[in-house]
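Student: Below: one structure in structure tokens.
The values are calculated or read from the model by the stated rules, or taken from the named source; none is laboratory data. Everything numeric in this text was worked out from a predicted model, so none of it was measured. Ideal geometry is used to build each Cβ from the backbone, glycine not excepted, and the neighbour counts take in all protein chains shown.
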């Protein structure tokens, strides 16, 4: 199923935010042409986030750039720039995540590209936007988590500010720019007009916190205070948190403390009968649960709580997760192949349309792998030669 069939995306972006958006468009059928620097390519090819490599390149590059085509071009070379501008004239979308000013210096800024192709959807992801004192700072995920306040929302109050263990800012910004691109493609289908779509990673991670920021804006600007015991959300009352059991861990979401006291036969909890106390005295309540839940297994507690419709879950590692029938039923794993024939297992697009998922077995491209194919498809060499002879 190719919902975006015939849509051509010229992708200058690197590492995670832009490439994650381009991946989603590729999943839905767009032809994504990844523009890379000759010799080195996308910095993500060699910027490792683990000690696992695939064909001498980082695993994350292979995960986020599957189903794309690679076109190596030197953006400081006049002939290569001419070819790129021909591509842009025939494209539907252009995407980049360079720092402010880079595309202007290359002669590929929005106004220039719009003059070449008035119907183009021009999408750009920045770290902190194009204005303000932080606009030239590096848009790196951990730094954005730190600067945005999000690291103060996890863990307990006696622990250091805690970042999320995934590149949440990159992926959110990629999701937002993909949403903007799709909306503009829809509008263009009606009006025939192109558009400029801009997302900053900073705005994306602030939007991610819309719930807690709204509390802060409207609560006399009182800072969120993390729980001292099993902190999981600064604004949610007990029993919310993760608890150690005899053989593992148990997550408890929002719940009725009186009901918990009855189900767990815990007299100490019975004193907290007033629901208004469940936030102010959350550390006291959680401390009681900490002492209780360690005394038996996770399965034991689940056998009591789940039938009573208490919101709870076993805390799973990846090995345990993949043994679960619920995980297996989703068929989230796909196998893609590189041009060298190497098989790589990764995750599929999570979107379903009419009950069908999006899937392709094409792995990430080798650097410059599709230069000849793209030159031929778009007549790049021919048009450059004609321009020079005229």
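Student: Name every residue in segment 166-181 that is surrounded by fewer than 22 Cβ atoms within 10 Å (Cβ to Cβ) and either without any contact (Cβ under 8 Å) to a residue 24 or more places away in the chain or not in a helix (DSSP H, G or I) (or both), in order of residue number.
Tutor: Passing the criteria: 166, 179.
Student: Please specify each residue of segment 310-356 satisfying the condition of being in contact with a helix residue (DSSP H, G or I) (Cβ under 6 Å, 6 or more places away or on another chain) and closer than 30 Å to residue 258 by Cα.
Tutor: Of everything in segment 310-356, those that are in contact with a helix residue (DSSP H, G or I) (Cβ under 6 Å, 6 or more places away or on another chain) and closer than 30 Å to residue 258 by Cα turn out to be 312, 314.
Student: Tell me yes or no: at least one residue of segment 73-87 is within 30 Å of residue 210 (Cβ to Cβ) and either modelled with pLDDT of 95 or more or buried (at least 16 other Cβ atoms within 10 Å of the Cβ) (or both).
Tutor: no
Student: Pick from segment 21-32 the residues that are outside any loop (DSSP other than H, G, I, E, B) and out of contact with any helix residue (DSSP H, G or I) (no Cβ under 6 Å at 6 or more places or on another chain): which of them is surrounded by the fewest Cβ atoms within 10 Å (Cβ to Cβ)? Break it down stepwise before answering.
Tutor: Keep residues of segment 21-32 that are outside any loop (DSSP other than H, G, I, E, B), which gives 21-27, 31-32.
Restricting the remaining residues to those that are out of contact with any helix residue (DSSP H, G or I) (no Cβ under 6 Å at 6 or more places or on another chain) gives 22, 25-27, 31.
Values: 22: 29, 25: 27, 26: 26, 27: 23, 31: 21.
So the residue we want is 31.
Student: What's the number of the condition residue 248 fails, among (1) touching a helix residue (DSSP H, G or I) at 6+ places or on another chain (Cβ under 7 Å); (2) within 30 Å of residue 355 (Cα to Cα)?
Tutor: Just one mismatch for residue 248, condition (2).
Student: Does residue 211 satisfy the condition of being within 20 Å of the chain's Cα centre (by Cα) and free of Cβ contacts under 8 Å to residues at least 60 places away in the same chain? Walk me through how you get there before you give the answer.
Tutor: Working: within 20 Å of the chain's Cα centre (by Cα): yes; free of Cβ contacts under 8 Å to residues at least 60 places away in the same chain: yes.
Yes.
Student: Within segment 306-390, considering only strands (runs of 3 or more DSSP E) that don't extend past its boundaries, which have at least 3 residues that are under 23 Å from the mean Cα position of the chain (by Cα) and in contact (Cβ under 8 Å) with a residue 12 or more places away in the chain?
Tutor: On the way: elements: 312-314, 333-337, 343-347.
Qualifying strands (runs of 3 or more DSSP E): 333-337, 343-347.
Student: Exactly one of these conditions fails for residue 18: (1) touching a strand residue (DSSP E or B) at 6+ places or on another chain (Cβ under 9 Å); (2) assigned by TED's automatic domain parsing to the domain that holds residue 67; (3) over 23 Å from residue 378 (Cα atoms); (4) not in a helix (DSSP H, G or I). Give me its number.
Tutor: The one condition residue 18 does not meet is (4).
Student: Right, something else. Looking at (1) more than 17 Å from the chain's Cα centre (by Cα); (2) assigned to a loop (DSSP other than H, G, I, E, B); (3) within 14 Å of residue 94 (Cα to Cα), can you tell me which one residue 40 breaks?
Tutor: Unmet condition: (3).
Student: Given 316, 293, 380, 302, which one is surrounded by 12 or more Cβ atoms within 10 Å (Cβ to Cβ) and assigned by TED's automatic domain parsing to the domain that holds residue 15?
Tutor: 380
Student: Next question, about the same structure. Looking at the structure I just gave you, is residue 119 over 19 Å from the mean Cα position of the chain (by Cα) and within 29 Å of residue 29 (Cα to Cα)?
Tutor: yes
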